[in-house]
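Novice: If you scroll down you'll find the structure; I have some questions about it.
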Amino acid sequence: MDTRIADLLEAIKKLEKELLQEIEKKETEFYYTVIGKKVRFAKEIRKRHRQMMQTVARYLTEASLRNILTVPFIWFMLLPALLLDLSVTIFQAVCFRAYGIPRVKRRRYIVIDRHALAYLNFIEKLNCVYCGYVNGLIAYVGEIAGRTELYWCPIKHARRLAAMHSQYGKFLEYGDAEGYRRHLEEVRRDLSGLDDEA
């Protein structure tokens with residue numbers, strides 16, 4: 001891999017780590033701690049949060065008609081999301097095992113915890129569960145797709161991408177026919193070095 005690209009990827013990882021550290025500092029600022037999968041607020045903060053919750057009746061009264069009318073379209077998307085979840089989970093269980101690619105841990109991508117916030121009413125909590133699931137699912141699918149692409153077609157695109165998945169930096173250069181033939185098996189062998197934590 002090009003050393004400049006490797007350096008940039010390392011810098012991105014460092015920045016992501018710094019970002020996570022800054023986010024963790026918010027635990028102190030907002031008086032909560034994370035223990036395993038549970039989030040705990042100080043008792044007084046939880047009480048204050050409950051006082052700030054908007055009732056469902058008021059929430060619905062203040063909601064725009066546009067928002068209310070589009071709710072069925074939003075929730076209909078849960079059906080294809082569930083099918084996608086099942087499909088990619090089976091796909092990686094079968095194919096990744098066959099290719100020797102470490103499996104992507106679903107629980108690291110699909111994080112559902114905002115429903116525990118006491119200042120959210122039932123509808124807001126339900127919406128937060130939906131968003132945590134669907135957006136986490138998209139990230140989970142993206143990592144599975146990225147690892148699959150790294151195995152089958154690890155060639156960078158000639159045109160600029162709007163976003164790159166986590167494996168893209170390991171791809172071979174577009175137009176480098178000799179490099180492709182020379183390094184394809186090496187790239188595939190390196191897949192076994194992927195950690196299961198991504």
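The values are calculated or read from the model by the stated rules, or taken from the named source; none is laboratory data. Worth saying up front: this structure is predicted, and the values here are computed from it rather than measured. Backbone-built Cβ (ideal geometry, glycine too); neighbour counts: all protein chains shown.
Novice: Of all residues in region 86-133, which are more than 23 Å from LEU191 (Cβ to Cβ) and among the charged types (D, E, K, R)?
Specialist: The answer is ASP113, ARG114, GLU124, LYS125.
Novice: What are the residues in region 143-194 that are among the hydroxyl-bearing types (Ser, Thr, Tyr), within 18 Å of the chain's Cα centre (by Cα) and modelled with pLDDT under 90, if any?
Specialist: SER166, TYR168
Novice: Can you pull out every residue in region 84-118 that is in contact with a helix residue (DSSP H, G or I) (Cβ under 6 Å, 6 or more places away or on another chain), surrounded by 14 or more Cβ atoms within 10 Å (Cβ to Cβ) and not in a helix (DSSP H, G or I)?
Specialist: ILE101, ARG103, VAL104, TYR109, ILE110, ILE112, ALA118
Novice: Continuing with the same structure: Any residue in region 77-100 that's more than 23 Å from TYR130 (Cβ to Cβ): show its pairings with residues that are of a type in the set (Phe, Trp, Tyr) at Cβ separation under 8 Å, as long as the two are six or more apart or on different chains.
Specialist: TYR99/TYR151
Novice: Would you confirm, using the coordinates I've provided, whether PRO102 is in contact with a Gly (Cβ under 9 Å, 6 or more places away or on another chain) and not charged (D, E, K, R)?
Specialist: Working: in contact with a Gly (Cβ under 9 Å, 6 or more places away or on another chain): yes; not charged (D, E, K, R): yes.
Criteria met by PRO102.
Novice: Answer yes if at least one residue in region 12-29 is touching a strand residue (DSSP E or B) at 6+ places or on another chain (Cβ under 7 Å), of a type outside the set (S, T, N, Q) and either modelled with pLDDT of 80 or more or surrounded by 10 or more Cβ atoms within 10 Å (Cβ to Cβ) (or both), and no otherwise. Walk me through it before giving the result.
Specialist: Within region 12-29, the subset touching a strand residue (DSSP E or B) at 6+ places or on another chain (Cβ under 7 Å) is 27.
Okay, now just the ones that are also of a type outside the set (S, T, N, Q), so 27.
Retained after the next criterion (residues that are either modelled with pLDDT of 80 or more or surrounded by 10 or more Cβ atoms within 10 Å (Cβ to Cβ) (or both)): 27.
Yes, region 12-29 has at least one match.
Novice: Just a yes or no: is a residue in region 130-145 of a type in the set (Asp, Glu), in contact with a helix residue (DSSP H, G or I) (Cβ under 6 Å, 6 or more places away or on another chain), touching a residue at least 40 places away in the same chain (Cβ under 8 Å) and under 26 Å from LEU194 (Cα atoms)?
Specialist: No.
Novice: Which of the residues belonging to region 40-68 are assigned to a loop (DSSP other than H, G, I, E, B) and free of Cβ contacts under 8 Å to residues at least 60 places away in the same chain?
Specialist: Scanning region 40-68 gives ALA42, ALA63, SER64.
The rows are residues; the columns are (1) within 22 Å of LEU126 (Cβ to Cβ); (2) not small (Gly, Ala, Ser).
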{"position": "PHE41", "(1), (2)": "yes, yes"}
{"position": "ARG48", "(1), (2)": "no, yes"}
{"position": "ARG58", "(1), (2)": "yes, yes"}
{"position": "ALA63", "(1), (2)": "yes, no"}
{"position": "PHE91", "(1), (2)": "no, yes"}
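Novice: Do the conditions hold for PRO80, that is, is it modelled with pLDDT of 95 or more, farther than 30 Å from MET164 by Cβ and not acidic (Asp, Glu)?
Specialist: No.
Novice: Looking at region 134-158, which of its residues are under 12 Å from VAL187 (Cα atoms) and either of a type outside the set (Val, Ile, Thr) or assigned to a loop (DSSP other than H, G, I, E, B) (or both)?
Specialist: Correct list: ARG147, GLU149, LEU150, TYR151, TRP152, CYS153, PRO154.
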